[in-house]
């Protein structure tokens, strides 16, 4: 039986410390992060949507000279990020209805976007497109095929969902985004499925 998507927030609040302890800091994501930033430059503004405790994704962007805004709906996760980088821009918001009064050069949602239901993902893509400047980059981790699944955070089960690759391509196009990369279960990133797009 699949997990309930409504439970995701409470799970992250309870498991924040354990999740952060278990989360790989080895930057197996580096190759995709480099691809994502190939058309960006240091000083550009990146939104880390579902930033969690900020390590290693936001940390990588900051180390590379990008201006980073981290957004998460878990205060427990954000408190870890704020303790590590008190000078950082860490904001409490839910990716299902966030509204920031600014545009970004890039938006990344790594290990966060797939917690949304299929309908929520479609709405979120529209919201992310609205927050991207023309030419801005988007990168998400999604599922390899359409459907619902379960993952784990700490010792608890959490909800995952995905559209099909064609479904993502259509949704992106409808929102002024062009799919530029999709790799299912990349063995170099611990079998994550990565989607990359550009704002037209």
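The values are calculated or read from the model by the stated rules, or taken from the named source; none is laboratory data. Note that the structure is a prediction, hence the values are computed from the model and not measured. Neighbour counts are summed over all protein chains in view; Cβ atoms, including those assigned to glycine, are modelled from backbone coordinates with ideal geometry.
I need the full set of residues from region 48-63 which are farther than 16 Å from residue 137 by Cα and not in a helix (DSSP H, G or I), in order please. Show your work before the answer.
Pass one, region 48-63, residues farther than 16 Å from residue 137 by Cα: 50-56, 59-60, 62-63.
Residues satisfying the conditions are 50, 51, 52, 53, 54, 55, 56.
Hey, any hits in region 82-98 for a residue that's surrounded by fewer than 24 Cβ atoms within 10 Å (Cβ to Cβ), touching a helix residue (DSSP H, G or I) at 6+ places or on another chain (Cβ under 7 Å) and touching a residue at least 40 places away in the same chain (Cβ under 8 Å)?
The answer is yes; a qualifying residue exists.
Would you pick out the residues in region 1-42 that are within 29 Å of residue 198 (Cβ to Cβ) and assigned to a helix (DSSP H, G or I)? Walk me through how you get there before you give the answer.
Filtering region 1-42 for residues within 29 Å of residue 198 (Cβ to Cβ) gives 5, 8, 23-42.
The answer is 5, 8, 30, 31, 32, 33, 34, 35, 36.
Taking region 4-28, which residues are buried (at least 20 other Cβ atoms within 10 Å of the Cβ) and in contact with a strand residue (DSSP E or B) (Cβ under 8 Å, 6 or more places away or on another chain)?
Going residue by residue through region 4-28, those that are buried (at least 20 other Cβ atoms within 10 Å of the Cβ) are 8, 11-12, 15-16, 19.
Within region 4-28, 8, 11, 12, 15, 19 meet the criteria.
Can you tell me which of (1) crowded, with 18+ Cβ neighbours inside 10 Å; (2) outside any strand (DSSP E or B) is the one residue 193 doesn't meet?
Just one mismatch for residue 193, condition (2).
Determine the pairs where a residue that is touching a residue at least 40 places away in the same chain (Cβ under 8 Å) and at positive phi, located within region 167-179, has a partner that is surrounded by fewer than 18 Cβ atoms within 10 Å (Cβ to Cβ) and not in a helix (DSSP H, G or I) with Cβ atoms under 7 Å apart, the partner being 6 or more residues away or on another chain.
176/200
Conditions tested, residue by residue: (1) at pLDDT 95 or above; (2) crowded, with 22+ Cβ neighbours inside 10 Å; (3) assigned to a loop (DSSP other than H, G, I, E, B).
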| site | (1), (2), (3) |
| --- | --- |
| 114 | yes, yes, no |
| 123 | yes, no, no |
| 129 | yes, no, no |
| 133 | yes, no, no |
| 136 | yes, yes, no |
| 140 | yes, yes, no |
| 144 | yes, no, yes |
| 148 | yes, no, no |
| 157 | yes, no, no |
